[in-house]
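The structure under discussion appears below in the form of structure tokens.
The values are calculated or read from the model by the stated rules, or taken from the named source; none is laboratory data. Computed from a predicted structure; not experimentally measured. Here Cβ is always computed from backbone atoms with ideal geometry, including for glycine, and neighbour counts include all displayed protein chains.
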Amino acid sequence: MEKLIVEGGRQLSGEVRVSGAKNAALPLIAATLLAPGKHTLHNVPDLRDTRTFIKLMGELGVTSERKGDVVTLDSTHLVHAEASYDLVKTMRASVLVLGPLVARLGRAKVSLPGGCAIGARPINFHIMGLEALGVSCTLENGYVDAEISTPLQGNVIYFDIPSVTATENLLMAAVLAEGTTVLKNVAREPEIGNLVDMLTGMGAKIQGKDSDRLTVKGVTSLRPADCRIIPDRIEAGTYLIAIAASGGRGTVTHCNPAHLPALLEKLKATGLIIDETRDTISVSWPGGTANSSRKLQSVDITTMPYPGYATDLQAQFMALMAIGSGVSLINETIFENRFMHVAELRRMGADIRVDGSSAVVNGKGMRGLSGAPVMATDLRASSSLVIAGLAASGRTEITRIYHLERGYENLVEKLTGLGARVWKETM
């Protein structure tokens, strides 16, 4: 096993390029199940999660080839309709094969993903929606067994709470259903828009992109896709916060500022200077970089479905607020157990008190944190520890960094390119 070493106290500067979005790549890979033939996906990040998902596709009979950030998947010969527990247990997004398998083959057997570190995240919305389309779903021995006896039929489906993966799963099933399907109160994340673009390019008929209502007119067949993965907005936000926390100045490139409206407004509210172009975001302190006389204003956040503040950037912002000058209230409304990083940030000197779904952060000012041995508990929590380590004085050692490798491509190289002192060591 490896650990990550971060030596803090260095102001980051320069440019860092954002990779393709993990949360867009996974549903787009799953969507290749809908049409036989060779599909080409561009800007696919090379991550633990994308590798796992492609391995799962291989178990279903899909062959694949990667050249750089281009992945070709041939789904001509599907030989299985079952996603086994051995792979699904490692990544909850594996449930995304459920909808396209039913639509293409008329059946699917997918292991229940179970709970995870940041909450239960049940798949009841997926099952409810599939049943509305005419799918018979049974739960037995830890698997969802889905099957149709007649073609999928369009229907009106309402989500009590917007769910990203359920929206994606039902959208992929609906494109091959007979008649019209209307999905109401759906999630609006940019990753869903990326999926809509891909499906439309395959011949699907979908209206309502980027809205909370998607209307799908079913078609009898689809053609192979050639699609580009959007930039990873969570990675972009993480690097912006990391640069700010170090007291430096820098630019995130190959991103889409329009995908980060809430974060950019919150960063501006702290007193940081944010400059945007079509595909770059720059962050700096007044005067360029931080000094002893400058303070970061504390700001409150509440996580919400897009376009609200992303729950996947909550932990990172908390690390930033730990060096603010005031009190910040952070409300987590999406997942019920997403403050596991608090205990680790406290080990580094952060003053944080948790009360149910809220955390009160008493900022300790720049260099108010000190390096310590800490442990990553989930993907985004681990990135918050990296940020805290960059802002802290001394050396921080982070264990269980496989969490980081699920969602950040070439993290060490990218941070080193900004001037950070960070490396891996074998434990």
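Quick notes on this structure:
- The set of residues in segment 171-215 that are of a type in the set (S, T, N, Q) and in a loop (DSSP other than H, G, I, E, B) comprises 185, 211.
- Answer from 215, 251, 180 - the residue that is over 30 Å from residue 111 (Cβ atoms), surrounded by fewer than 23 Cβ atoms within 10 Å (Cβ to Cβ), under 22 Å from the mean Cα position of the chain (by Cα) and modelled with pLDDT of 95 or more: 251
- Taking segment 231-344 and the strands (runs of 3 or more DSSP E) fully enclosed by it, the elements with 1 or more residues that are under 28 Å from residue 209 (Cβ atoms) and in the same structural domain as residue 367 (by TED's automatic domain parsing) are at 249-253, 273-276, 280-284.
- Scanning segment 389-413 for residues that are crowded, with 24+ Cβ neighbours inside 10 Å and part of a loop (DSSP other than H, G, I, E, B) gives 392, 407, 408.
- Cβ-Cβ distances below 9 Å connect the following pairs, each with a first residue in segment 180-195 that is touching a residue at least 24 places away in the same chain (Cβ under 8 Å) and within 13 Å of residue 99 (Cβ to Cβ), a second residue that is assigned to a strand (DSSP E or B) and not hydrophobic (A, V, I, L, M, F, W, C), and a separation of six or more residues or different chains: 181/153; 181/215; 181/217; 183/158; 183/213; 183/215.
- Answer residue from segment 75-84, given it is in contact with a Gly (Cβ under 9 Å, 6 or more places away or on another chain) and buried (at least 17 other Cβ atoms within 10 Å of the Cβ) and is farthest from residue 47 (Cα to Cα) among those: 81
- Residue 381 vs. criteria touching a residue at least 40 places away in the same chain (Cβ under 8 Å), surrounded by 21 or more Cβ atoms within 10 Å (Cβ to Cβ) and either within 22 Å of the chain's Cα centre (by Cα) or closer than 30 Å to residue 50 by Cα (or both): yes
Residues are listed down the side, and each one gets a yes or a no for (1) basic (Lys, Arg); (2) over 18 Å from residue 199 (Cβ atoms); (3) in the same structural domain as residue 390 (by TED's automatic domain parsing):
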site	(1), (2), (3)
6	no, yes, yes
28	no, no, no
36	no, no, no
39	no, no, no
50	no, yes, no
68	no, yes, no
77	no, yes, no
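- Among residues that are among the aliphatic types (A, V, I, L, M) and more than 18 Å from residue 372 (Cβ to Cβ), residue 315 is not included.
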